[in-house]
Amino acid sequence: MCATMKIAIASDHAAFDLKQELARNLREWGHEVIDLGPDSADRVDYPDFGYKLAEAVATGEAERGVALCGSGIGISMAVNRHPGARCALVNDPYSAALSREHNDANVIAMGARLIGPDMARTCLQTFLVAEFEGGRHAGRVAKLTNPPKSTTQQESA
């Protein structure tokens, strides 16, 4: 598989079952799992859990993150509000690999209502073994954490 890592995982209610399954898989693969919730399938708001996950990854509490909701869209948007989180919404192993190789994603997002557990597991395995290529991609990725000032900001400075 890959070197063991500390991986944070979070979801909303729609992805609770998938979260539980993937957390179990991660432990079976030898990773340390930080389960940021929720603790049941009761209704919750995905931004609350996306923000927690982003903070855990951005501060180094976790090396990687797994964000899950019904579609994967909402929680990925919440995670990406943090400049230290680079969350990629994926639906197949190729996009999971590219998210690491070209974008140095540190969080993978998937939609429980759109992707089955077998495909989610395959995407997660791919995400964990793929490595950032650096090179021509490094400068672009640096801009994700430290975006240049917008034209409006530059004019008012």
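Numbers at a glance
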read-out	value
Cβ-based exposure ranking for Lys143, Lys6, Lys52, Lys19, in which fewest neighbours within 10 Å come first	Lys143, Lys6, Lys52, Lys19
Phi to ³J(HN,Hα) by Karplus 6.51 cos²θ - 1.76 cosθ + 1.60 over the range 53-67, Hz, x for Gly, Pro	5, 4, 5, 4, 6, 5, 8, x, 4, 10, 7, 9, x, 10, 10
Cα-based Rg of the range 15-138 normalised by 2.2 N^0.38 Å, two decimals	0.96
Candidates Ala78, Ala41, Ala67, ranked by Gaussian network fluctuation over the chain, Cα under 10 Å, top entry	Ala41
18 Å Cα-Cα reach of Lys19 towards lysines, excluding residues that sit fewer than 8 places from it in its own chain	Lys6, Lys52
Theoretical ellipticity at 222 nm over the chain - DSSP helices of four or more residues, -39500 (n - 2.57) apiece, nearest 500	-13000 deg cm²/dmol
Using alpha-carbon coordinates, inclination of helix 117-129 to the longest axis of the chain, degrees	50
Amide hydrogen neighbours beyond the local backbone of Ala109, cut-off 5 Å, H modeled	Ala67, Ala88, Leu89, Val90
For Ile7, net neighbour charge (Lys/Arg +1, Asp/Glu -1) across residues whose Cβ lies under 9 Å away	0
Tilt relative to the chain, helix 16-28 - C-alpha long axis, 0 to 90 degrees, to 10	90
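Bear in mind these aren't lab numbers, they're just calculated from the coordinates by the rules spelled out. This structure is a prediction, so every number in the text was calculated from the model and none was measured. Backbone-built Cβ (ideal geometry, glycine too); neighbour counts: all protein chains shown.
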